[in-house]
Every structure is written in structure tokens, then in C-alpha cells.
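Some notes on the structure that comes next.
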Amino acid sequence: MRLLDFRFRYLNSNRDVYVKIYNDDCFKVLSTIESESIDLVFADPPYNMSKKKGLGWKYSKHVTMQEEWDIFSKDDYFQFNQEWIKECLRVLKHGGSLWVCGSFHNIYQVGFILQHVEDIKINNSIVWFKPNAQPNITCRMFTESTEHLIWASKNGNGQKWKFNYEDTKNLIEDSLNPRGKQTRNVWSIPLTPRKEKWAGEHPTQKPLELLRRVILSCTNVGDTVLDPFLGSGTTSVAAKMLERNSIGIEKEKKYLDIIRKRLSPPQRKIDEEILMDIAVT
């Protein structure tokens, strides 16, 4: 098990924040995390939409997903979703939030599983509208321009979920959500901009703005965020920006260098300093 362990000190608040990145199988790492120790879980699991040969388009170099980690049989995929959800809910505190991002390929199955778990309440389904979505390369269906996020909370022991209502009104703004008004469950956020991909390429990198909204709405400064499918590290980067602690798990070694670069860029802001950066094998 390889661990990247960062410590950041915010000079303006004299607050320390930790970021732990595990390069290993998510089930192996999750089994080592204490029960009811996490304030928020954000999961962007494999969608099971990869094609072994991909699908090209004569007007573009774009190729659909061809990642081995995104290919399951139907039965294996259902079992996989059941198992990671069970483990994430075990480590989640009562009153904590679970956010799952997906497309029509997987989000209904995730919702079905969550509806059959005791003490779990689905609070919202968020529609992420992409105003600059990829074109439809088959021309045999409507152009996909949305993904979906399920926000559920663990409500055992009489604990109410956390929701920072005023922050969502005053710190979230897009073409569908004017600042100062109640934030709707449709968010207009463009695809991940090129400037956020400076550290390397990942096929499903999520925009920082998406994770900023999720973390801002359901956690407080000093809380701990977990991402069991960290990918390019966006969740950890957003959590650090908002002065939240974070734990990320990423199985694919090839993405570890991207994560490290994004967490310690050469143009790091002057209001923070890295206290520790340790790689342990």
C-alpha cells in the first residue's frame, strides 16, 4: 500500500489540514478506516460504460472510454456497487453525507441500492448540466449533456444531516442560479477546463467547481472528506482549498503523479505552506 501524506498550514488562520492519498484497492483501504469517522463521502465510481474497442467519430479524434477498470459484467457490477456503498456508509458518521456522481449508465442502480439501506435518506438528486457537452457521435440518440449526483445522508441515532444553506445561497452562482437566491437542484457547470488539466490527462476528471459546491454545502472547516475513487485528485484539491481534511483512494498508479502535482503546484498560494510530503511504500 503506497501512501502520499501531505500537511498544509494556512497562515491566515493558523490551521493545519491533512491530505492522505492511498494508491491501492478501495476495499483494502476502506477496511482500515475507523467506523463513523468521515463527515462526507464523495464517490465518482466506474460507470461501466467502457468499450473494449472504443467508438470513433470521423470528424473528431474523440474515442469513448476504453479503460480496463471500467469494464464489468452486469452481475459483477451490481455486486461491486453494493460492496463499496456498504463500506462507505460504515465509515460515514451519523449525520454525514454521501454524494455519488454518475450517468444513466449507473446512477439508477446506485439509487436503487441506497433506497434499500436502513437509516439512509436521499435528500436530493442534482442534475449537472454541461453547457459545452461533447457532441453526439452516433447521431442515434439525444445528445448527452447532463450527469447526475445523488445526495444521501446517514440519519441513524437521531442525527440531522448538515446543510450550509446560507453558503449555498451566497457562494454558488451560475446561469441558472443567481447569487443570493435559493440554489436549485440543476447546476450549470462547463466540462473540466483545460487549465485544470495542466498536471496530466484523466478520462473522467471532474471540474473543481462541482466538488467545491458539494463540499461547501455539507461540511464545515476542519471536517474530513473521503473519496474512494480519487482519479485525478479533484476532491482532495477542492477539500484543501476549503480547509477540509481529506482521504483519497486511487487504485491506478498512473494517476498518482497527477494527484501529487495538483496538490503541490509550483504556483502555490502564499497563504498556505506544505508542512510535509511523504511517500511511503
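The values are calculated or read from the model by the stated rules, or taken from the named source; none is laboratory data. Small disclaimer: the values here were computed from a predicted structure and weren't measured. We place every Cβ from the backbone using ideal geometry, glycine too, and count neighbours over all the protein chains shown.
Residue count for the stretch 176-186 under the criterion of being hydrophobic (A, V, I, L, M, F, W, C) and either modelled with pLDDT under 95 or part of a strand (DSSP E or B) (or both): the result is 1. Just give me the residues in the stretch 52-80 being of a type in the set (Ser, Thr, Tyr) and modelled with pLDDT under 75, in sequence order. Across the stretch 52-80, the qualifying residues are TYR59, SER60, THR64.
Can you name the residue in the stretch 222-257 that is of a type in the set (D, E, K, R), assigned to a loop (DSSP other than H, G, I, E, B) and touching a Ser or Thr at 6+ places or on another chain (Cβ under 9 Å) and is also surrounded by the fewest Cβ atoms within 10 Å (Cβ to Cβ) among such residues? So, considering only residues that are of a type in the set (D, E, K, R), assigned to a loop (DSSP other than H, G, I, E, B) and touching a Ser or Thr at 6+ places or on another chain (Cβ under 9 Å), the one surrounded by the fewest Cβ atoms within 10 Å (Cβ to Cβ) is GLU243. Taking only the stretch 169-179 into account, find how many residues are touching a residue at least 24 places away in the same chain (Cβ under 8 Å) and in contact with a strand residue (DSSP E or B) (Cβ under 9 Å, 6 or more places away or on another chain). Counting residues in the stretch 169-179 that are touching a residue at least 24 places away in the same chain (Cβ under 8 Å) and in contact with a strand residue (DSSP E or B) (Cβ under 9 Å, 6 or more places away or on another chain) gives 3. Checked against the criteria, GLU273 does not count as at pLDDT below 95, charged (D, E, K, R), assigned to a loop (DSSP other than H, G, I, E, B) and surrounded by fewer than 19 Cβ atoms within 10 Å (Cβ to Cβ). Screening the stretch 187-221 for residues that are of a type in the set (Val, Ile, Thr) and part of a loop (DSSP other than H, G, I, E, B) and picking the one that is nearest to the chain's Cα centre (by Cα) gives THR204. Scanning the stretch 1-51 for residues that are closer than 26 Å to ASP76 by Cα, assigned to a loop (DSSP other than H, G, I, E, B) and of a type in the set (Gly, Ala, Ser), we see that the one that is modelled with the lowest pLDDT is SER50.
Checked against (1) under 22 Å from LEU149 (Cα atoms); (2) surrounded by 20 or more Cβ atoms within 10 Å (Cβ to Cβ); (3) hydrophobic (A, V, I, L, M, F, W, C), LEU208 passes all but a single condition, namely (2).
Checked against the criterion of being under 16 Å from ALA133 (Cα atoms), surrounded by 13 or more Cβ atoms within 10 Å (Cβ to Cβ) and out of contact with any Leu (no Cβ under 8 Å at 6 or more places or on another chain), the stretch 178-190 contains one or more residues that satisfy it. Applying the criterion of being acidic (Asp, Glu) and in contact with a strand residue (DSSP E or B) (Cβ under 9 Å, 6 or more places away or on another chain) to the residues of the stretch 113-150, the residue that is nearest to LEU208 (Cα to Cα) is GLU147. Within the stretch 122-138, restricting attention to residues that are at pLDDT 95 or above and in contact with a Phe, Trp or Tyr (Cβ under 9 Å, 6 or more places away or on another chain), the residue that is farthest from ILE150 (Cα to Cα) is PHE129. Applying a threshold of 8 Å to beta carbon distances and a minimum spacing of six or more residues, or different chains, the list of pairs starting in the stretch 81-108 at a residue that is at negative phi and modelled with pLDDT of 95 or more and ending at one that is aromatic (Phe, Trp, Tyr) and assigned to a helix (DSSP H, G or I) reads GLU83/PHE27; TRP84/PHE27; GLU87/PHE27.
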